[in-house]
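> Encoded as structure tokens, here's the structure I'll be asking about.
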Amino acid sequence: MPMDEQIKRATVTMECSGYRFAGCVAGLKKNGKLDLALVVSEPSAAAAAVFTTNAFAAAPVLYGRQQLAAATPVSAVLINSGNANACTGEPGVAHVRQVASALGDVLSVPAGEVFVSSTGVIGEPLPVAKVTGALPRLAGELSAAALPLAAEAILTTDSLAKMFAVNLSLSTGTAKIIGMAKGAGMIEPRMATMLAYLFTDARVSRTELQEILAGVVQRTFNRISVDGDTSTNDTVLLLANGASGCSLVDEADRKAFEHGVFQVADYLSRLIVKDGEGATKVVTIVVENASDDTAAEQICRTVGRSLLVKTAFFGQDANWGRIIAAVGYAGVDLQPERVDIWLDRIQVVAGGRRSPAYQEADGAKIFHQNSFTITIDLHAGNGSFSLLTSDLSHEYVSINADYRT
């Protein structure tokens, strides 16, 4: 769905039956901004999640994996920014348990039903006292209309809060899916470089929820890249509390629900790229007719990660030589004389050589746009893949050079 159409759909109210939200300042960020978010579900919700593949998974990721493996329902989600609680060893996991237990006491829910996430600086101990000290105040500010506060509280280098909502027409009535996410740097999910939380008031089994989420993540969050880095804390969580009274009774309902989850995840993932650190361009890279999907993905990601390609985006220099060079070193067997490359609808490369009809001025016009598509046709099979990426600007370097100061 085009971004303009999605923005129109974003006017759907950011409330969902059974969920309340809050955000506050706990003192974890040096800038004094909101840094602690809370989501409470009544009744407790079935949960599905996809976590980072980084070997140095953060303490809350390790804890969350255990919760999901135990099929534990979720009554509350606590998210802090400003501290990743990553590479903190067993003390870090103990801190997660301590925070979950404290919130469980405040909300009168089992500690095992508290899901915890963190984002921020790696390697620093979580300031547990600051977090637990803010919990009573945070719980006292819970509101069905406070998703925007929670969405702001989970941000780090983001320039804007990321939210979206859709209504679902199911055979048993109308349900809803709302979501929020953070992410601007360390973005190349495998899965996934950001935090994202989706909430629905439909009743969906945990198994079905996990199947749907895993499939949607592969088509959305796992197809974006800002800088090629995969974080230690990446998490996508989907909760279903059934508060609407609606459930999935047939295949049509399942397809409608899956499409709704896709719409929310797709919009949020696109916002992450658009809000990439220092980004001025959003570029879609498409590889078609590769030998298989794996080869197409490998080329797509190689081009999308290339520093020379990304700086050309920023400089608005239609240097197609950088693109074709990245295709060539991607490690995929191909026949150069068959490769065609397009910038939007303008063919730049035909049969591995500059297209006779291509004019440099036409390419420059494309690169001056805020968004455009690069299509690479290998003429080698039926494999395909697409990736959403951004440019690399001076501002990206400035943000990350000063991140901890």
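The values are calculated or read from the model by the stated rules, or taken from the named source; none is laboratory data. Given the structure is predicted, the values throughout are model-derived calculations rather than measurements. Because the Cβ atoms are built from the backbone with ideal geometry, glycine has one as well, and the counts that use them run over all protein chains shown. The accessibility values were calculated without ligands, DNA or RNA, using every heavy atom of the protein model including side chains. Shrake-Rupley method; radii C 1.70, N 1.55, O 1.52, S 1.80 Å.
> Based on DSSP H runs of at least 4 residues, each adding -39500 (n - 2.57), what is the mean residue ellipticity at 222 nm of the chain after dividing by all its residues, to the nearest 500 deg cm²/dmol? The partial results should precede the final answer.
Working: 12 runs with 142 residues, N = 405.
Calculated at 222 nm, the ellipticity per residue is -11000 deg cm²/dmol.
> Cut-off under 23 Å on the C-alpha distance; same-chain residues fewer than 8 positions from residue 29 excluded. Which lysines are left, in chain and number order?
The reachable lysines, counting only those whose Cα sits under 23 Å from residue 29, are 130, 162, 182.
> Around residue 144, with a cut-off of 13 angstrom between Cβ atoms, what is the net charge of the other residues, counting Lys and Arg +1 and Asp and Glu -1?
Numbers: positive: 20, 176; negative: 15, 42, 141, 201.
Net of charged neighbours comes to -2.
> Put one equal scatterer on each alpha carbon of the chain, apply the Debye formula with no solvent term, and list log10 I(q)/I(0) at q = 0.09 1/Å to two decimals.
-0.55
> Cross-link partners among aspartates and glutamates for residue 176, C-alpha distance below 15 Å, same-chain residues fewer than 8 apart left out?
Excluding near neighbours in sequence, the set is 15, 201, 253, 258.
> Lysines near residue 365 by alpha-carbon distance under 25 Å, same-chain residues fewer than 8 away left out - which ones?
Within the straight-line limit of under 25 Å, residue 365 reaches these lysines: 274, 281, 310.
> A further question on this structure: What relative contact order, as a whole-number percentage, does segment 1-122 give when Cα pairs under 8 Å and 6 or more residues apart are counted? Write down the numbers at each step before the final one.
Details: 191 pairs, mean separation 29.1, N = 122.
Across segment 1-122, relative contact order equals 24 percent.
> While we're on this one: Using DSSP, restrict attention to beta bridges with both residues in segment 273-377 and report what percent are antiparallel, rounded to the nearest 5.
On the way: 9 of 16 bridges.
The antiparallel fraction comes to roughly 55 percent.
> Accessible area per residue for segment 206-301 in Å², computed with a 1.4 Å probe and the full protein assembly in place, what is it? Intermediate values should be presented prior to the final figure.
Values: 3070 Å² over 96 residues.
Per residue, segment 206-301 has 32 Å² of solvent-accessible surface.
> Beta carbons within 10 angstrom, averaged per residue: use that to sort the peptides 352-359, 34-41, highest first.
Details: 352-359: 13.1, 34-41: 25.9.
Those peptides, ordered most packed to least, come out 34-41, 352-359.
> Near residue 46, within a Cβ-to-Cβ distance under 13 Å, what is the net charge of the other residues, with Lys and Arg +1 and Asp and Glu -1?
Working: positive: 203, 206; negative: 113, 201, 208, 211.
Net of charged neighbours comes to -2.
> So with the 1.4 Å probe, I'd like the accessible area per residue for segment 34-100, rounded to whole Å². Don't skip to the answer; put the middle values down first.
On the way: 2130 Å² over 67 residues.
Solvent-accessible surface per residue comes out at 32 Å².
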